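What follows is a short report on a single structure.
The values are calculated or read from the model by the stated rules, or taken from the named source; none is laboratory data. Not measured: the values here are computed from a predicted model. Ideal geometry is used to build each Cβ from the backbone, glycine not excepted, and the neighbour counts take in all protein chains shown.
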Amino acid sequence: MTAYGSFPGSRPRRLRTTPAMRRMVAETRLHPADLILPAFVREGIDEPVPIESMPGVVQHTRDTLRKAAVEALEAGVSGIMLFGVPEESKKDALGTPGTDPDGILQVAIRDVRAEVGDDLIVMSDLCLDETTEHGHCGVLDSEGRVDNDATLERYAEMAQVQADAGAHVVGPSGMMDGQVGVIRDALDQTGYEDVSVLAYTAKYSSAFYGPFREAVGSSLKGDRKTYQQDPANTRESLRELALDLEEGADMVMVKPAGPYLDILAKVAERVDVPVAAYQISGEYAMIQAAAERGWIDRDKAIMESLTGIKRAGANMILTYWATEVARQL
Ligand code: PBG
């Protein structure tokens, strides 16, 4: 019976013998409700514009965004995270389209809410990079540095206009110190106690955001290293986590997801609020590109990447494949 002395003394392979057995003992299951769809809407276009570095993802028109939201809802996706791309000529130093009630993001929030009501959670990116001419996530001081506290004033205003437009959840992604607290106060003082804050708690300065910059037509020169975190660090994330919770975050997020699963696991271990992870544009593009060349099995790679993120501890996953995957589940 045994080929080599007393080994194997134990046979873990018994639990892998058939698909039914593997299914029964699976510890991690993806569910459509785990998924949130990030979506881009661009001002002043009549047709959706494909994003070259994210094959299959587009900058939506107001109309196609509405449809995409309904499709996500019908597929069982929980939420949609909206990013607005204003007309280039409207971008300025302060990111004015971000606080204009008729700015593209606010218009899109209203459009989507009119379509989905309270059945799909409508989330909005609360950040200035999509609306500033320099492409930074905040406003600049006279020396061209990102001015933390001046930016907080802009964020407070953005929180209010996004809530006015009907956002259920705001997602501050700019990594300014104190942003969660300022936004929570601004919402509470304007009667939006029920609007939640999904804090981008551990947001790393990542090369994998590359395709997103095309998606939002960002004009950023340089980098975001004075506000986004150094990929080398863990403790920094735990400190940001403590601060965000203290400041009133309802949910916390780790971003990117795949290269930061250790961070995600540590965050998930430590908190008693829901934990989200964002599988970002570069993670999407890598799988799409390799699959296009026939180098990996696209569908299996997608499922594996998402299962890994959930296994590491995410309750919610933002992914550009949300609707497609939800349909398959
Ligand atoms: C900032 C923001 C970024 C992403 C989401 N919010 C870009 C950045 O920080 O440079 C990236 C998302 C992705 O890459 O899919 N508003």
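To keep it simple, each residue is scored yes or no on (1) within 16 Å of the ligand (Cβ to nearest atom); (2) in a strand (DSSP E or B); (3) out of contact with any His (no Cβ under 6 Å at 6 or more places or on another chain); (4) of a type outside the set (Phe, Trp, Tyr).
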site	(1), (2), (3), (4)
Met123	yes, yes, yes, yes
Cys137	yes, no, yes, yes
Asp149	no, no, yes, yes
Glu153	no, no, yes, yes
Met158	yes, no, yes, yes
Val170	yes, yes, yes, yes
Met175	yes, no, yes, yes
For this session: Run down Val112, Val139, Val77, Val58 and say which single residue is over 12 Å from Gln162 (Cα atoms) and more than 18 Å from the chain's Cα centre (by Cα).
Result: Val139
Problem set entry | the range 238-263, residues that are farther than 22 Å from Met123 by Cα, surrounded by 21 or more Cβ atoms within 10 Å (Cβ to Cβ) and of a type outside the set (A, V, I, L, M, F, W, C) | Tyr260
Exercise. How many residues does the range 191-219 contain that are under 20 Å from Val41 (Cβ atoms), within 9 Å of the ligand (Cβ to nearest atom) and assigned to a loop (DSSP other than H, G, I, E, B)?
Worked result: 2
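Yes/no per residue for (1) outside any loop (DSSP other than H, G, I, E, B); (2) among the basic types (Lys, Arg); (3) modelled with pLDDT of 95 or more:
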{"residue": "Arg23", "(1), (2), (3)": "yes, yes, yes"}
{"residue": "Ile36", "(1), (2), (3)": "yes, no, yes"}
{"residue": "Val41", "(1), (2), (3)": "yes, no, yes"}
{"residue": "Glu47", "(1), (2), (3)": "no, no, yes"}
{"residue": "Gly56", "(1), (2), (3)": "no, no, yes"}
{"residue": "Asp63", "(1), (2), (3)": "yes, no, yes"}
{"residue": "Arg66", "(1), (2), (3)": "yes, yes, yes"}
{"residue": "Ala69", "(1), (2), (3)": "yes, no, yes"}
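Each row is one residue, and each column tells you yes or no for (1) within 14 Å of Val216 (Cα to Cα); (2) surrounded by fewer than 17 Cβ atoms within 10 Å (Cβ to Cβ); (3) touching a strand residue (DSSP E or B) at 6+ places or on another chain (Cβ under 9 Å); (4) of a type in the set (Lys, Arg).
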| site | (1), (2), (3), (4) |
| --- | --- |
| Ala72 | no, no, yes, no |
| Ile80 | no, no, yes, no |
| Glu88 | yes, yes, no, no |
| Leu105 | yes, no, yes, no |
| Thr131 | yes, no, yes, no |
| His134 | yes, no, yes, no |
| Gly138 | no, no, yes, no |
For this session: For the range 273-294, enumerate the residues that are in contact (Cβ under 8 Å) with a residue 12 or more places away in the chain, in a loop (DSSP other than H, G, I, E, B) and more than 16 Å from the ligand (Cβ to nearest atom).
Result: Val273, Pro274
For this session: Collect the residues in the range 224-263 that are within 16 Å of the ligand (Cβ to nearest atom), closer than 14 Å to Ile317 by Cα and part of a helix (DSSP H, G or I), keeping them in residue-number order.
Result: Gly258, Tyr260
Problem set entry | Single unsatisfied condition, Arg327 versus (1) in a helix (DSSP H, G or I); (2) more than 22 Å from Leu120 (Cα to Cα); (3) more than 17 Å from the chain's Cα centre (by Cα) | (2)
